[in-house]
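Worksheet: the structure to be examined is printed underneath.
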Amino acid sequence: MNIALLGYGRMGKEVEAIARERGHEIVLIVDKQNANELTAENLSKADVAIDFSLPDVAYANISACFDAHIPVVTGTTGWQERIQEVHARAHEEEQTFLYASNFSLGVNLFFAMSAKLARMMEDFSMYTPSIEETHHIHKKDAPSGTAITLAETVLPYMLQKNGWSLNGKDDKALSVKSFREGEVTGNHQLLYDSAFDTLKLEHNAKSRKGFAMGALLAAEYVHNKKGIFTMKEVLNIE
Ligand code: NAD
């Protein structure tokens, strides 16, 4: 495949390395200093675009790919208040779009396990559920996109909760705590705490390579398909 990389930071570089290993060609790299090169003409050389940029620019990058009718896979977090607009445009124009807050296989298994645990804990109101996430100090958004997806995955089984809140004290909301420490790649925990014990389901990322591989698998999956996809389809996880 011919790939356009939008964002050439930590993740963009990991994706580039794995893409080349898998025999793909990188035909366009766009970062802050050459953002004006994100044109329909340049994008038309690519079969798919992979975006790991910044919360402020992700929406514009996705729009540029849609303008050029190029499938786009994005892992950028912190812009999801506009995802409904993206989905609406993708539907109307038969575009190809995949967003994942976390591309790693392990995290997608962790989401599936969390849903099962939350369903199992539904009747045990003596346990208070919460989510904690820890990332490196360079991360721009909080809570992490992965923690938001985790909250959205378990909330349907927590009818006493009316949503999630960041570091909140409101008993009615599922508490999501964010910690920023050193160079931590990404740690997520779903906790159930009672007066007697604590249950914990945890995912700890060891490197960014797992995210990059997942993004590549997603790009290979959506290539030549139309519609809106998720990692559940790419990895065939229920
Ligand atoms: P980073 O800061 O290292 O890289 C972001 C890059 O985007 C920088 O090089 C920056 O110069 C560039 N950029 C700025 N303006 C741009 C523009 N207009 N067009 C293109 N690029 C532009 O960050 P990162 O660690 O590579 O993470 C990128 C995003 O991916 C973040 O939102 C992060 O939370 C997310 N992320 C997602 C996953 C996942 O699995 N979904 C995994 C890791 C990181």
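The values are calculated or read from the model by the stated rules, or taken from the named source; none is laboratory data. None of these values were measured; they are calculated from a predicted model. Quick reminder, even Gly has a Cβ in these numbers, built from the backbone with ideal geometry, and neighbours come from all protein chains shown.
Would you mind finding the one in SER144, SER130, SER125 that is more than 30 Å from ARG20 (Cβ to Cβ) and touching a strand residue (DSSP E or B) at 6+ places or on another chain (Cβ under 8 Å)?
SER130
Among the residues of region 52-85 satisfying the criterion of being near the ligand (Cβ under 8 Å from one of its atoms) and more than 14 Å from the chain's Cα centre (by Cα), which is nearest to LYS32 (Cα to Cα)?
Top of the filtered list is VAL57.
Given (1) surrounded by 18 or more Cβ atoms within 10 Å (Cβ to Cβ); (2) more than 23 Å from ILE237 (Cβ to Cβ), identify the lone condition not met by THR128.
(1)
Regarding region 149-159, can at least one residue be identified that is surrounded by fewer than 17 Cβ atoms within 10 Å (Cβ to Cβ) and at pLDDT below 95?
Looking through region 149-159, at least one residue is surrounded by fewer than 17 Cβ atoms within 10 Å (Cβ to Cβ) and at pLDDT below 95.
In this structure, is VAL57 more than 13 Å from TYR99 (Cβ to Cβ), in contact with a Lys or Arg (Cβ under 6 Å, 6 or more places away or on another chain) and free of Cβ contacts under 8 Å to residues at least 60 places away in the same chain?
No; evaluated as a whole, the condition is false for this residue.
If you go through region 1-51, how many residues are within 9 Å of the ligand (Cβ to nearest atom), on the phi > 0 side of the Ramachandran plot and over 16 Å from the mean Cα position of the chain (by Cα)?
0
Residues in region 141-149: is at least one free of Cβ contacts under 8 Å to residues at least 40 places away in the same chain and either more than 12 Å from the ligand (Cβ to nearest atom) or out of contact with any helix residue (DSSP H, G or I) (no Cβ under 7 Å at 6 or more places or on another chain) (or both)?
Yes, region 141-149 contains a residue that is free of Cβ contacts under 8 Å to residues at least 40 places away in the same chain and either more than 12 Å from the ligand (Cβ to nearest atom) or out of contact with any helix residue (DSSP H, G or I) (no Cβ under 7 Å at 6 or more places or on another chain) (or both).
With the condition kept exactly as written, say whether any residue in region 206-220 is free of Cβ contacts under 8 Å to residues at least 60 places away in the same chain, buried (at least 18 other Cβ atoms within 10 Å of the Cβ) and not in a helix (DSSP H, G or I).
Checked region 206-220: no residue is free of Cβ contacts under 8 Å to residues at least 60 places away in the same chain, buried (at least 18 other Cβ atoms within 10 Å of the Cβ) and not in a helix (DSSP H, G or I).
Take the residues of region 86-106 that are of a type in the set (A, V, I, L, M, F, W, C) and free of Cβ contacts under 8 Å to residues at least 60 places away in the same chain: which is farthest from the ligand (Cβ to nearest atom)?
Result: ALA88.
Restricting the search to region 126-164, which residues are farther than 20 Å from SER207 by Cβ and β-branched (Val, Ile, Thr)?
Of everything in region 126-164, those that are farther than 20 Å from SER207 by Cβ and β-branched (Val, Ile, Thr) turn out to be THR128, ILE131, ILE148, THR149, THR153, VAL154.
Among the candidates LYS172, LYS200, which residue alone is farther than 18 Å from ALA112 by Cβ and free of Cβ contacts under 8 Å to residues at least 60 places away in the same chain?
One residue alone meets the criteria, LYS172.
Could you check region 136-180 and list, in sequence order, the residues that are closer than 27 Å to PHE52 by Cα and of a type in the set (Asp, Glu)?
Residues satisfying the conditions are ASP141, GLU152.
Starting from residues that are under 21 Å from ILE3 (Cα atoms), basic (Lys, Arg) and out of contact with any strand residue (DSSP E or B) (no Cβ under 8 Å at 6 or more places or on another chain), keep the ones in region 185-238 and report whichever is farthest from the ligand (Cβ to nearest atom).
Among those residues, the one meeting the criterion is LYS209.
Test each condition in (1) in contact (Cβ under 8 Å) with a residue 40 or more places away in the chain; (2) exposed (fewer than 13 other Cβ atoms within 10 Å of the Cβ) for MET120 and report the one that comes out false.
Failing condition for MET120: (1).
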